[in-house]
Amino acid sequence: MTACLRAGLRVAEAASLARSGDLAAAAAVLADAEAAEHARPAELDLLARIHAQRGDFEKADLCWARIQATDPEHAGAADGRALIAAIRARRRRARPLLRPVAGLIVVASLLVATASGSDGPARSTPPEDVSGCDGSAPR
């Protein structure tokens, strides 16, 4: 099984657990991604959302910062970090970040589709975190 497919399955499993309300188990599924130097953005984004829902805004912010280090235009990371900054500045009330279940399903579906060989969105340059996911040898 390729690393990309394993990552897609981890995200799908964690998303399912998060939707069912088992945030601790969802975070545990993604624990390796949090520790990995080259974790995929989808894993880190979902993990950040889980941390935020659990009220651990520091960990959530760190996950989103890691995404932005390689993809400064990542909308989910930018939105999440802006919300955390507003909470810290007391411009927003701290509450779990709720996203539609459909959003988690879309992320998981895209990862599984990418891992299974479909093309997905076009990019001018492939991000480093998908090495080996496009059929090329990992770097």
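Computed from the coordinates by the stated procedures, all read-outs in this text should not be read as laboratory data. Fair warning: this is a prediction, and the values are worked out from it, not measured in the lab. All Cβ positions, glycine included, derive from the backbone under ideal geometry; neighbour counts span all protein chains shown.
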>> Starting from the 7 Å offset along Cα-to-Cβ, what nm value, one decimal, do you get for the label separation of Ala65 and Glu37?
In response: 1.9 nm
> So for the pair Glu58, Ala28, with labels modelled 7 Å out along Cα→Cβ, what separation do we get in nm?
Replying inline: 2.3 nm
> Between Ala82 and Ser20, what is the spin-label point distance in nm, taking each point 7 Å from the Cα along the Cα→C-beta axis?
Replying inline: 3.5 nm
>> What does the extension gain come out to for Glu13 and Glu73, with contour length at 0.36 nm per residue minus their alpha carbon separation?
In response: 19.0 nm
> Where a ≥ b ≥ c are the square roots of the eigenvalues of the C-alpha gyration tensor, would you call region 31-92 rounded, which needs a/c under 1.5, or, failing that, prolate if a/b is larger than b/c, or oblate?
Replying inline: oblate
